[in-house]
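To start, the structure itself, in structure tokens.
The values are calculated or read from the model by the stated rules, or taken from the named source; none is laboratory data. Bear in mind the structure is a predicted one, so any value in this text is a computation, not a measurement. So basically every Cβ, Gly included, is an ideal-geometry build from the backbone, and we count neighbours across all protein chains shown.
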Amino acid sequence: MSEETDGHAYFTETDYEVFNIFPGMCPAQIRVVGLLKGIKTPDFEQEFHFLDLGCGQGFALNAYAAVYPKGHFVGLDMAEGAIAGARALARDAGLENIRFEAATFADFAARTNQKYDVITLHGIWTWVGPEVREDALAILRNFLKPGGVVYISGNSAFGRDQAKPAHAIVHAMRRDNPDEEVPDLMKRFAQVLKDNPMLLGHAHRAASFIEFLVNGKANFFAHEFLSRAWSPVAFSDLAADMARAGLTFLGSAHPACLFPGRFFKEPHRSFVESFQNPLDRETAYDALMATEFRTDLFVKDPEPLSADEQQQLLLATPLIVKNRSRLRLDNKATGEVADISTTKVFEAVCSQLLHGPCTLGEAVSKHNLGDVATKELSDTVLLLLMMGAVAAGIGAVHDPETTARGQRFNQAAFQIHARLNGTTPLISPQSRGPVSLSIIDSIAIRAERDGIDPVATLLNVTGTNKVSVRVDGQAVEDIAAVTKSYQRTFAVWPLVRRPALVSVGVIA
């Protein structure tokens, strides 16, 4: 199906092969954002319904279906090839609480009457035309339950509008040679940029983005930049569209952006917080940061948590360590943090987490801290999340069914790892959220599972003709030295990195 004839203005000539687990879609992350904002969100420990619009290969949705067995998940995409891949992964992972449909938004809406607790649109909004956006809004308006949450992500005009001239040039080149293969178009476009530096001479933020695209995979370039409808949006315009569907802004899906003024020093902090309207504060933040990509949460008919409800839910929130080295915050590590500092609660939680997952309530009680203000609890969670030290979980941390389901998904996902030789994340049965993997992690786990030679595999991935690494602080381009460095890396992996992955249930 060609984008020129299907009326969607979206590139559909190849499937969108992106295998990622987007944190903003995670039910546990949605819950903690609502908790920090004082707003009720769906109860993900009970039965719930979850719809992903534009699910692509369904990698994220399958991952969450694995660790949320009480959820009913539906993935929708008009690319039949992507849906076939999503269904295959669900079968390989043994998942029965998920289904995928190949259909347009309008066709799906015409034949469903199910109401959903969560509806997600990752990487959809700024790549489709006005008609498709209206179809999506109709689904949000008609099929989201009161109290339900929408996760949406897309390109921000503040950081990506500078790329519009390059986008126009690419499409002009494509019209001149419509039968040209995407890799050839990429090479020709890269040469045009090299020969004509003034095309991006005044767009420094766009230059790095375009360089990333032309040096990446053809499939990603095509779906990121060959949509005629590609159009970054200002947050104020996005919020206005969501309001037409009856939705209220809940907050950023990224913890570090949840309270935009708090992580600036003066005078930027005062500038952001001078705006009374939270939507205007988001605009001020985007303007200062030249934001390129946003992930946001909206809620239908928001219901505030009482002070007692918020405190009790915070105390019951399990925290799972993602990075032990970040559990110690010194003066150098605070960076731009303006009004959140370490407290006795923060120190108690860090101390307790060194022994394994814990709730805030467990840390408070074991360190005899007595009554603790709600703000101090929420600040502790926010700071730990912002630092990337922990994930906020949901429900029982050690649940045998969830562990078994999560590990089955991870085993199935490793077939994709083997094909891509990449850094596709896996799911943690403990935090019920994604865990990032490096290429070293991926290859080392495959070496354990499948008996591959990890050093030879990594050399093949990085390229054996000319590789450059730092050995003892010096850059070297000698294959023998690089091989020796890789050997040392894989020798220490079982002692350092493997226990961390075991601790979050990613591998047994």
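LEU185 - would you say it is assigned by TED's automatic domain parsing to the domain that holds ARG281, in a helix (DSSP H, G or I) and either surrounded by 12 or more Cβ atoms within 10 Å (Cβ to Cβ) or of a type outside the set (Lys, Arg) (or both)?
No.
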Residue hits (segment 377-406; charged (D, E, K, R) and closer than 16 Å to ALA316 by Cβ) are ASP399
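Okay, residues lined up against (1) in contact with a helix residue (DSSP H, G or I) (Cβ under 6 Å, 6 or more places away or on another chain); (2) surrounded by 22 or more Cβ atoms within 10 Å (Cβ to Cβ); (3) assigned to a loop (DSSP other than H, G, I, E, B); (4) not aromatic (Phe, Trp, Tyr):
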| position | (1), (2), (3), (4) |
| --- | --- |
| GLN352 | yes, no, no, yes |
| GLY356 | no, no, yes, yes |
| GLY361 | yes, no, no, yes |
| VAL364 | no, yes, no, yes |
| ASN368 | no, no, yes, yes |
| ASP371 | no, no, yes, yes |
| GLU376 | yes, no, no, yes |
| THR380 | yes, yes, no, yes |
| LEU384 | no, yes, no, yes |
Only one of GLY154, GLY159 is under 23 Å from PRO23 (Cα atoms), in a helix (DSSP H, G or I), touching a helix residue (DSSP H, G or I) at 6+ places or on another chain (Cβ under 7 Å) and not aromatic (Phe, Trp, Tyr), namely GLY159
Selection over segment 16-73 where residues are acidic (Asp, Glu) and within 14 Å of ILE119 (Cα to Cα) yields a count of 1
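Based on this model, can you work out whether ALA307 counts as loosely packed, with under 14 Cβ neighbours inside 10 Å, more than 23 Å from the chain's Cα centre (by Cα) and at negative phi? Don't jump to the end; show me each part of the working.
Values: loosely packed, with under 14 Cβ neighbours inside 10 Å: yes; more than 23 Å from the chain's Cα centre (by Cα): yes; at negative phi: yes.
Considered against the rule, which asks whether it is loosely packed, with under 14 Cβ neighbours inside 10 Å, more than 23 Å from the chain's Cα centre (by Cα) and at negative phi, ALA307 comes out as yes.
Just name the residue that is farthest from ALA316 (Cα to Cα) out of those in segment 415-431 that are without any contact (Cβ under 8 Å) to a residue 40 or more places away in the chain and surrounded by fewer than 19 Cβ atoms within 10 Å (Cβ to Cβ).
Selected residue: ARG419.
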Query raised in the report: Out of curiosity, is ALA284 surrounded by fewer than 21 Cβ atoms within 10 Å (Cβ to Cβ) and part of a loop (DSSP other than H, G, I, E, B)?
Result: no
Those residues of segment 110-147 that are touching a Gly at 6+ places or on another chain (Cβ under 6 Å) and assigned to a loop (DSSP other than H, G, I, E, B) come to a total of 1
Taking segment 84-134 and keeping only residues that are out of contact with any Asp or Glu (no Cβ under 9 Å at 6 or more places or on another chain), under 24 Å from ALA412 (Cα atoms) and of a type in the set (D, E, K, R), one is left with ARG87, ARG91, ASP92, GLU96, ARG99
Residue set PHE264, PHE275; condition hydrophobic (A, V, I, L, M, F, W, C), assigned by TED's automatic domain parsing to the domain that holds PRO130, more than 20 Å from the chain's Cα centre (by Cα) and under 20 Å from VAL381 (Cα atoms); output residue PHE264
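Being acidic (Asp, Glu) and under 18 Å from LEU250 (Cβ atoms) is the filter; apply it to segment 278-297 and report the residue that is nearest to the chain's Cα centre (by Cα).
Applying the filter and picking the extreme gives ASP296.
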With the first residue restricted to segment 443-461 and required to be closer than 25 Å to ARG408 by Cα, and the second required to be of a type in the set (Ser, Thr, Tyr), Cβ contacts under 9 Å at 6 or more apart or on different chains are ILE443/THR457; ALA444/THR489; ARG446/THR457; ALA447/THR457; PRO454/TYR486; PRO454/THR489
Filtering segment 143-164 for residues that are under 20 Å from HIS223 (Cβ atoms) and not hydrophobic (A, V, I, L, M, F, W, C) leaves a count of 9
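Residue by residue, here is whether (1) exposed (fewer than 15 other Cβ atoms within 10 Å of the Cβ); (2) of a type in the set (Lys, Arg) holds:
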position	(1), (2)
GLY94	yes, no
VAL118	no, no
ARG133	no, yes
LEU137	no, no
LEU144	no, no
ASP161	no, no
